[in-house]
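Report on the structure given below.
The values are calculated or read from the model by the stated rules, or taken from the named source; none is laboratory data. Keep in mind that this is a model prediction, so the values were computed, not measured. A quick note on method: Cβ atoms are made from the backbone with ideal geometry, for glycine too, and the neighbour counts reach across all protein chains shown. For accessibility, only protein heavy atoms count, side chains too; no ligands or nucleic acids. Shrake-Rupley method; radii C 1.70, N 1.55, O 1.52, S 1.80 Å.
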Amino acid sequence: MAALPEGVGFDTSLQHEEKPTNTFIIDWSARQISGMDSGLEAMKQAVDIILQNERFEWQIYTANFGSELTELVGEEYDFIVSDLPRRIEDAFSVDKRITAVEDFVFSPSGTDHIICRFNVITVFGTFAKEVSL
(Lines give C-alpha, C1' and ligand atoms only; values in the text may rest on other atoms or scores of the structure.)
Protein backbone atom coordinates (compact mmCIF):
# COMPACT_ATOMS: atom_id res chain seq x y z
CA MET A 1 0.00 0.00 0.00
CA ALA A 2 1.42 3.37 -1.04
CA ALA A 3 1.81 6.14 1.54
CA LEU A 4 1.42 8.88 -1.10
CA PRO A 5 -1.25 9.19 -3.75
CA GLU A 6 -0.34 8.19 -7.29
CA GLY A 7 1.53 10.93 -9.22
CA VAL A 8 2.95 12.65 -6.15
CA GLY A 9 6.70 12.43 -5.90
CA PHE A 10 9.62 13.98 -4.10
CA ASP A 11 11.36 15.19 -7.24
CA THR A 12 9.64 18.59 -7.15
CA SER A 13 12.19 21.39 -7.37
CA LEU A 14 11.73 24.56 -5.38
CA GLN A 15 11.86 27.92 -7.12
CA HIS A 16 13.18 30.99 -5.32
CA GLU A 17 11.23 34.11 -6.15
CA GLU A 18 12.52 37.57 -5.28
CA LYS A 19 9.85 39.70 -3.63
CA PRO A 20 9.88 43.48 -3.99
CA THR A 21 11.26 45.33 -0.99
CA ASN A 22 8.63 48.05 -0.89
CA THR A 23 9.16 50.53 1.90
CA PHE A 24 7.61 53.78 2.96
CA ILE A 25 9.62 56.78 1.78
CA ILE A 26 9.98 59.45 4.42
CA ASP A 27 10.10 63.13 3.53
CA TRP A 28 12.38 64.23 6.37
CA SER A 29 11.81 67.97 5.82
CA ALA A 30 8.00 67.66 5.98
CA ARG A 31 8.24 64.88 8.60
CA GLN A 32 5.73 62.70 6.80
CA ILE A 33 5.52 59.68 4.54
CA SER A 34 5.58 60.74 0.90
CA GLY A 35 4.92 57.39 -0.80
CA MET A 36 6.37 53.95 -1.35
CA ASP A 37 9.32 52.71 -3.37
CA SER A 38 11.41 49.60 -3.82
CA GLY A 39 14.20 51.00 -5.97
CA LEU A 40 17.10 53.40 -5.57
CA GLU A 41 15.22 55.87 -3.35
CA ALA A 42 14.36 53.04 -0.95
CA MET A 43 18.03 52.01 -0.91
CA LYS A 44 19.17 55.55 -0.12
CA GLN A 45 16.77 55.62 2.81
CA ALA A 46 17.88 52.17 3.99
CA VAL A 47 21.53 53.30 3.95
CA ASP A 48 20.63 56.42 5.94
CA ILE A 49 18.77 54.37 8.53
CA ILE A 50 21.62 51.85 8.87
CA LEU A 51 24.19 54.62 9.36
CA GLN A 52 22.02 56.61 11.78
CA ASN A 53 21.30 53.69 14.11
CA GLU A 54 24.02 52.42 16.37
CA ARG A 55 24.22 48.64 16.52
CA PHE A 56 22.95 47.05 19.77
CA GLU A 57 21.28 50.31 20.87
CA TRP A 58 17.64 49.66 19.95
CA GLN A 59 15.75 46.49 20.84
CA ILE A 60 13.50 46.74 17.78
CA TYR A 61 16.50 45.91 15.55
CA THR A 62 18.43 42.66 15.48
CA ALA A 63 22.06 42.58 16.60
CA ASN A 64 23.07 42.54 12.92
CA PHE A 65 21.39 45.86 12.11
CA GLY A 66 23.07 49.25 12.37
CA SER A 67 26.56 50.65 12.42
CA GLU A 68 29.31 50.98 15.01
CA LEU A 69 30.54 54.48 14.33
CA THR A 70 30.16 56.34 17.63
CA GLU A 71 33.11 54.44 19.13
CA LEU A 72 35.35 56.20 16.59
CA VAL A 73 34.51 59.70 17.85
CA GLY A 74 37.58 61.14 19.54
CA GLU A 75 39.99 58.57 18.09
CA GLU A 76 43.14 59.49 16.18
CA TYR A 77 42.73 60.46 12.51
CA ASP A 78 44.87 57.57 11.24
CA PHE A 79 42.85 55.01 13.22
CA ILE A 80 39.55 56.39 11.89
CA VAL A 81 40.81 56.37 8.30
CA SER A 82 41.96 52.77 8.66
CA ASP A 83 38.89 51.38 10.48
CA LEU A 84 35.90 53.37 9.19
CA PRO A 85 35.67 51.65 5.77
CA ARG A 86 35.59 48.23 7.47
CA ARG A 87 32.85 49.34 9.85
CA ILE A 88 30.73 50.79 7.04
CA GLU A 89 31.14 47.66 4.90
CA ASP A 90 30.23 45.52 7.92
CA ALA A 91 27.08 47.58 8.58
CA PHE A 92 25.94 47.13 4.98
CA SER A 93 26.87 43.45 4.75
CA VAL A 94 23.48 42.30 6.07
CA ASP A 95 21.60 43.92 3.17
CA LYS A 96 21.99 41.72 0.10
CA ARG A 97 20.84 44.58 -2.14
CA ILE A 98 24.13 46.41 -1.40
CA THR A 99 26.82 44.78 -3.51
CA ALA A 100 29.82 46.97 -2.65
CA VAL A 101 31.04 50.14 -0.94
CA GLU A 102 34.04 51.84 -2.52
CA ASP A 103 36.00 55.03 -3.24
CA PHE A 104 36.41 56.17 0.37
CA VAL A 105 37.71 59.76 0.57
CA PHE A 106 38.50 61.41 3.91
CA SER A 107 38.58 65.14 4.57
CA PRO A 108 39.37 66.82 7.87
CA SER A 109 36.64 69.31 8.77
CA GLY A 110 37.86 71.79 11.32
CA THR A 111 40.03 70.62 14.15
CA ASP A 112 37.84 67.83 15.49
CA HIS A 113 35.70 66.47 12.63
CA ILE A 114 36.29 64.13 9.71
CA ILE A 115 34.05 63.78 6.69
CA CYS A 116 34.13 60.48 4.82
CA ARG A 117 32.62 60.27 1.36
CA PHE A 118 32.05 56.97 -0.44
CA ASN A 119 29.97 55.30 -3.14
CA VAL A 120 27.33 52.70 -2.37
CA ILE A 121 26.79 50.19 -5.18
CA THR A 122 23.39 48.49 -5.06
CA VAL A 123 21.36 46.25 -7.35
CA PHE A 124 19.35 49.39 -8.23
CA GLY A 125 22.30 51.68 -9.00
CA THR A 126 25.13 53.63 -7.41
CA PHE A 127 24.93 56.72 -5.22
CA ALA A 128 27.28 58.85 -3.14
CA LYS A 129 27.04 59.03 0.62
CA GLU A 130 28.98 60.73 3.40
CA VAL A 131 29.34 60.44 7.14
CA SER A 132 30.80 62.95 9.55
CA LEU A 133 32.60 62.04 12.77
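How do Ile26, Ile50 stack up against each other in accessible area, from largest to smallest, with a 1.4 angstrom probe?
On the way: Ile26 60, Ile50 5 Å².
Highest to lowest solvent-accessible surface, that is Ile26, Ile50.
Between Ser109 and Leu14, what is 0.36 nm times their sequence separation minus the Cα-Cα distance? Round to one decimal in nm. Spell out each step's value before the answer.
On the way: separation 95, 0.36 × 95 = 34.20 nm, distance 5.31 nm.
Value of the extension gain: 28.9 nm.
Report the GluC sites (Glu not before Pro) located in the stretch 64-98 that are in a DSSP loop and have at most 11 other Cβ atoms inside 10 Å of their Cβ, or state none. Intermediate values should be presented prior to the final figure.
Values: sites: Glu68, Glu71, Glu75, Glu76, Glu89; in loops: Glu68, Glu75, Glu76.
For GluC sites (Glu not before Pro) across the stretch 64-98 that sit outside H, G, I, E and B with at most 11 neighbouring Cβ atoms in 10 Å, the list reads Glu76.
What does the extension gain come out to for Glu54 and Ile121, with contour length at 0.36 nm per residue minus their alpha carbon separation? All intermediate terms of the calculation are to be shown ahead of the outcome.
On the way: separation 67, 0.36 × 67 = 24.12 nm, distance 2.18 nm.
Length gained, Glu54 through Ile121: 21.9 nm.
Can you tell me the orientation of helix 40-52 relative to the chain, as the angle in degrees between its alpha-carbon axis and the longest Cα principal axis, to the nearest 10?
Computed tilt is about 60 degrees.
Note down the accessible area of Trp28, probe 1.4 Å, to the nearest 10 Å².
150
With a 1.4 Å probe and every protein chain kept in, tell me what percent of the accessible surface of the stretch 69-131 is carbon plus sulfur. Display every interim value, and only then the final one.
Values: 1810 of 3650 Å².
Carbon and sulfur: 50 percent of the exposed surface of the stretch 69-131.
Send over a whole-number figure in Å² for the accessible area per residue of the chain, probe 1.4 Å. If you can, show how the numbers build up before the last one.
Numbers: 9410 Å² over 133 residues.
I get 71 Å² per residue for this part.
Return one number: the angle in degrees, 0 to 90 and rounded to the nearest 10, between the long axis of the Cα atoms of helix 77-92 and the longest principal axis of the Cα atoms of the chain.
Here the helix axis deviates by roughly 20 degrees.
Report the normalised scattering of the chain as log10 I(q)/I(0) at q = 0.13, 0.14, 0.19 Å⁻¹, calculated by the Debye formula with identical scatterers on the alpha carbons.
Each listed q maps to, in turn, -0.66, -0.73, -1.18.
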